[in-house]
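The values are calculated or read from the model by the stated rules, or taken from the named source; none is laboratory data. Just so you know, these numbers come straight off a predicted model, no measurement behind them. Virtual Cβ from ideal backbone geometry, glycine too; neighbours counted across all protein chains shown.
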Amino acid sequence: MNFHVLTLFPEMIMDTLKTSILGRAMEKGAIRAQAVNIRDYANNKHHSVDDYTYGGGAGMLMQAQPVYDCVQAVLDKINKERPSNGMASPRIIYVTPQGRIFDQKLAQELAGEEDLIFLCGHYEGIDERVLEEVATDQVSIGDYVLTGGELPALVMIDTIARLCPGVLGSEESAQTDSFQNGLLEYPQYSRPAVWHDRAVPEILLSGDHKKVDEWRLEQSIIRTRERRPDLYEKWLKERNEAGK
Ligand code: ADE
């Protein structure tokens with residue numbers, strides 16, 4: 001997977017991605033990431049990328065030209081690096097509170113792509129015309145507003161990257177994650193077996209893997225019903241439809 005992030009704050013993206021599990025994954029070549037500074041594509045001597053909005057109102061808007069030229073440069077680079085001659089048409093994700101809500105299912109879908117381009121807005125957003133021309137998707141991380149698209153893009157990249165082969169070790173497998181099977185994850189315990197008078201559930205010490213699996217599923221179901229009744233209803237409906 002190759003992540004391409006178009007931003008006014010490239011160091012914010014790369015500094016974060018370089019750390020922790022994703023940094024290790026980049027060193028191993030399991031994923032690749034580049035942050036491209038939209039400002040480098042401003043065609044004026046002050047390198048400004050924003051301007052007032054037509055019709056008035058507070059705030060500045062990112063202009064179409066630098067964003068468009070930056071996207072084209074990234075597409076050219078992707079095509080040059082492609083082994084085959086066919087033209088790549090990667091998904092170009094505009095990160096915005098107005099988009100569809102990001103979830104694990106979308107993460108799984110996007111993890112199957114070879115290249116993903118994230119377009120991060122700042123100020124009051126980006127001129128609508130360039131979004132109409134280049135964005136294939138508009139995605140939000142939730143119903144709240146951040147100061148820019150970088151943190152939401154990082155949230156999405158982290159979620160997608162850990163689903164890519166070679167990013168997580170087997171001991172950190174994504175298979176048992178919350179949401180992976182439509183349920184929240186079961187509670188987990190480590191040593192000691194008793195801590196602050198609280199004992200680890202007996203069954204987990206039994207060595208009976210079948211019983212442990214059954215207990216974990218039951219706990220997942222209870223937890224999801226209590227904490228996320230919306231997810232629980234969805235899981236129930238899907239299970240009934242599958243005739244289980
Ligand atoms: N930009 C600002 N807020 C955002 C959000 N909630 N999701 C995606 N992009 C954003």
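Laid out as a table, the results:
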| quantity | calculated |
| --- | --- |
| Some residue of segment 121-131 being at positive phi, surrounded by fewer than 19 Cβ atoms within 10 Å (Cβ to Cβ) and within 16 Å of the ligand (Cβ to nearest atom) | yes |
| Subset tally (residues that are under 33 Å from the mean Cα position of the chain (by Cα) and surrounded by 12 or more Cβ atoms within 10 Å (Cβ to Cβ)) for segment 178-203 | 11 |
| Unique match (being among the acidic types (Asp, Glu) and closer than 18 Å to Glu109 by Cα) among Asp197, Asp158, Asp143 | Asp158 |
| Neighbours by Cβ (under 9 Å, 6+ apart or cross-chain): first from segment 113-128, hydroxyl-bearing (Ser, Thr, Tyr); second assigned to a loop (DSSP other than H, G, I, E, B) and within 11 Å of the ligand (Cβ to nearest atom) | Tyr123/Gly148 |
| Qualifying residue in segment 66-81 (condition: farther than 24 Å from Arg162 by Cβ, surrounded by 12 or more Cβ atoms within 10 Å (Cβ to Cβ), under 24 Å from the mean Cα position of the chain (by Cα) and within 16 Å of the ligand (Cβ to nearest atom)) | yes |
| Single condition Val167 does not satisfy, out of (1) modelled with pLDDT under 95; (2) in contact with a helix residue (DSSP H, G or I) (Cβ under 6 Å, 6 or more places away or on another chain) | (1) |
| Selected residue (criterion: nearest to Phe3 (Cα to Cα)) from residues of segment 39-65 that are surrounded by fewer than 16 Cβ atoms within 10 Å (Cβ to Cβ) and small (Gly, Ala, Ser) | Ser48 |
| Filtered residue count, segment 149-189, keeping only those that are among the hydrophobic types (A, V, I, L, M, F, W, C), more than 16 Å from the ligand (Cβ to nearest atom) and assigned to a helix (DSSP H, G or I) | 1 |
| Top-ranked residue of segment 26-64 - restricted to ones that are out of contact with any helix residue (DSSP H, G or I) (no Cβ under 8 Å at 6 or more places or on another chain) and acidic (Asp, Glu), ranked as farthest from Ile117 (Cα to Cα) | Asp51 |
| Output for segment 219-244, where each listed residue is among the acidic types (Asp, Glu) and either in contact with a strand residue (DSSP E or B) (Cβ under 9 Å, 6 or more places away or on another chain) or touching a residue at least 12 places away in the same chain (Cβ under 8 Å) (or both) | Glu238 |
| Failed item, numbered, when Asp51 is tested on (1) farther than 15 Å from Gly125 by Cβ; (2) in a strand (DSSP E or B) | (1) |
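Yes/no matrix, rows are residues, columns are (1) part of a loop (DSSP other than H, G, I, E, B); (2) surrounded by 16 or more Cβ atoms within 10 Å (Cβ to Cβ); (3) within 16 Å of the ligand (Cβ to nearest atom):
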| position | (1), (2), (3) |
| --- | --- |
| Ser84 | yes, no, no |
| Met87 | yes, no, no |
| Ile92 | no, yes, yes |
| Thr96 | no, yes, yes |
| Ala107 | no, yes, yes |
| Leu110 | no, yes, yes |
| Glu133 | no, no, no |
